[in-house]
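A quick write-up on the structure given underneath.
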Amino acid sequence: MKLFKPISVLRYGRKRRVSRGVSTWSPLATAFNTRPNSQPVFDTLRERTGLFNKPELTSFEGFYTLKDQAIAATDRLIEEAISGPTRPMVEVFDELSDTLCKVADLAEFVRIAHPQPHFASAAEDACISISGVVEKLNTHKGLYEALRDSVRRGTSGDKHLAELFLFDFEQSGIQLEDEPRKRVVALNDLILQTGQRFMAGAAKPRRVPRSAVPQNVRQFFSSEGDNVIVSGVYAECGEAAAREAAYRLYLAPEPGQDRLLHTTLTARHEMATICGFQSYADRAIKASIMENAAYVREFLDILSDNLYDRAKMDFDTMLKMKKKETPYQDSLMCWDTPYYTHKAKTQLLNVANSDFSPYFSLGGCMEGLNMLCQELYGITLKSEEMLPVFPQCKLTVNMSAGESWSPDVYKLAVVHEDEGLLGHIYCDLYERPGKPHQDCHFTIQGGKLLPDGTYQNPIVVIMLSLSGGHRCGPALLSAGAVDNLFHEAGHALHSMLGRAPHQHVAGTRCATDLAELPSVLLEHFASDPQVVRRFARHFQTREAMPEDMLQRLCASKHLFGASEMQLQVFYSALDQKYHGPEAALGRSTTDVLKQVQKQYYGLPYVENTAWQHRFSHLVGYGAKYYSYLISRAAAWGAWSGQFATQPLNRQAGDAFRHGVLRHGGAKPPQKLLRDYLGMEITPKALATALTDELDYHKDNLDRVFRISDK
């Protein structure tokens, strides 16, 4: 949570003899290869605890206590700020931010993840209440003026942080006269409402009359009475006609979605111009690595030019595959690329994807993460026992909670060899009814230097949706799930290893295009044979993955990388166009899509489709979709310059921690990267880094193909 931004209302089977010389599982791997199932226990020797060890949360009613405490503390801090504090102003504001975030971030997670409706409902109430407090702060002119005046006098303390707080204020137009300020508040409310409705509509299945679906492919879709339900684009379906039908039906224009999108984009543009920006994109990108929308557009244009020939080679290869499979079709279409990418990877791997999973048990992957942490940063992940619930918790209204919200959650202590405990990571990794099917990282408590000189350790949650882990054996991960686990662990380590003095900028509380850097970098480790070789072991025999299989797997992750990157450039360019200076011209969103697709993507627009009506990231990212590409470019700079030849290099790990991770958002992101990478962070340099990465992986793919053909 940002202080002055609204909160949204993130098989064992038969035993085999273990071969001689094959190492045994570590205690950490053993713990994660067994799905926890903590039963209600009453232990009079234990101190009564609540969710995340918060004594107030032994029951759902504790959220009302936390909310009231936060509101009371907020009022005291506001009074201190406007009456002239004896400490630097940013210290008051950061304590204010910390006070609200400790309740809001925790409540937002519990609202989403807790299986008990009473906890979820109480958490949602807390979210709404804290949102009201934030809205009050956004319009508190006395608070804004106190901070502004302290910056002018030079008594604010950390100037960079003070300017971030001021920017959070000014995004809401608090510096404006009454009428335009009221208009900004109204526009913010409109954007929130229409944006939420658009995102909900983007995920809804399409219900169409049976007659609208070609008879020869109806069997591929589920039915409901006289209607057919189309729930997606069927990207990996082997029947070309079914892929085409699903694409055209699912992405058909939806007038209601178009009105919501157009309203959101228009309101964002008006709000940005009232606040003094040329476009909403300029407002959103300020204080990021790229600094302004003009640099983003330059970056995307350079990268697009660099990708043209490389992506065309990918598309030509896919078209050859298509002609071989369906000789009567002679053009590659948008609904074909996911299918042929998947098919090419399967052919390269030469075995079924399920043959890889036994080498990636959850415990084995966690052992790999722990190995990386030890080698790079001198930290150890230690599994800790979760404090139990009490016998009166019969899943009733009066339920008493233990430390966890679900019996199958793991808890990790992150311990540095010299600095001691750095924080805790809760791992909510298994699917369950009602749980969001998404991989994400939540901050529960941010790090912060306390007045007595100690450090408030961070608390985070990693959420995945794995199956398995029961008596039949451990959860076995696909290669994609391994990447996702490492990605989310990258966010968690960013929080753990950060030691920014202020909570408002600790860990992942930084610019979006910087926040993804540690996670993308950790994906490089999950794809490097030198690293994967260290932990990919069969969950039964504990034997290492065969070398040929290992090389094929790591290489396959980069197949058709240029066409995939070109698609990301197209998405990013569309996001910029929708939020750019031309947003107020009133053009059809589909006409804009056609224009951008023609310029930035190598496959043609499909008539009578409106893919943008399904692109919820237009609301969620709002002019920041490009951020992943920037993070990927920066991550390649770090990987190729520091880790590629010797991935498990402690000196490189410490340099990354002290140069990037420890600062969070405490340093301007462009300066942080410039100092760490030792280069100017320009659009051209970042675009070149991405094409260098593509060429490197293309060369490696060619090498693996040559070896495989022998």
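Across the options LEU106, SER150, GLY132, the greatest Cα extent toward the positive end of the charge dipole of region 54-175 (unit charges at beta carbon of Lys, Arg, Asp, Glu) belongs to SER150. The orientation-averaged projected area of the convex hull spanned by the Cα atoms of region 475-605 comes to 12.2 nm².
Positive end of the dipole of region 503-601 (Cβ unit charges, origin at the Cα centre): among MET545, PHE570, ALA526, the Cα lying farthest that way belongs to MET545.
Computed over the Cα atoms of region 161-278, the ratio of the radius of gyration to the Kirkwood radius (Rg/Rh) comes to 1.23.
Label separation (ASN649 vs HIS617): 3.1 nm, computed from points 7 Å beyond Cα along the C-beta direction. Annotation: lysines with alpha-carbon distance below 30 angstrom to LYS322 (same-chain offsets under eight excluded): LYS312, LYS343, LYS345, LYS557, LYS594, LYS598, LYS698, LYS710.
For the chain, the carbon plus sulfur part of the accessible surface works out to 50%, probe radius 1.4 Å. Which of PRO501, GLY363, ALA203 sits farthest toward the positive end of the charge dipole of the chain, with +1 on the Cβ of Lys and Arg and -1 on the Cβ of Asp and Glu? The residue sitting most towards the positive pole is GLY363.
Using helices alone, what [θ] at 222 nm do you get for the chain, with -39,500 (n - 2.57) per DSSP H run of 4 or more residues, divided over all residues and rounded to the nearest 500? About -16500 deg cm²/dmol.
When the chymotrypsin sites (Phe, Trp or Tyr not before Pro) in region 265-371 are filtered for DSSP coil states and for at most 15 other beta-carbon atoms within 10 Å of their beta-carbon, the remaining sites are TYR328. Each Lys and Arg contributes +1 and each Asp and Glu -1, all at the Cβ; summed about the Cα centre of region 461-541, the dipole is approximately 380 debye. A Förster radius of 56 Å, combined with the Cβ-Cβ distance separating TYR455 from ARG706, puts the computed FRET efficiency at roughly 0.60. Per residue, the accessible area of the chain comes to 43 Å², computed with a 1.4 Å probe over protein heavy atoms only.
Once you divide the Cα radius of gyration of the chain by 2.2 N^0.38 Å, the number left is 0.98. Rounded to the nearest 20 debye, the dipole magnitude of the chain is 1700 debye, with +1 charges on Lys and Arg beta carbons, -1 on Asp and Glu beta carbons, and the Cα centre as origin. Using only side-chain charges placed at the Cβ, +1 for Lys and Arg and -1 for Asp and Glu, the dipole size of region 460-607 relative to its Cα centre rounds to 320 debye.
The values are calculated or read from the model by the stated rules, or taken from the named source; none is laboratory data. Just so we're clear, the structure is a prediction, and the values are computed from it rather than from any experiment. Please note: Cβ atoms are built from the backbone with ideal geometry, for glycine as well, and neighbour counts cover all protein chains shown. Accessible surface areas use protein heavy atoms only, side chains included; no ligands, DNA or RNA. Shrake-Rupley method; radii C 1.70, N 1.55, O 1.52, S 1.80 Å.
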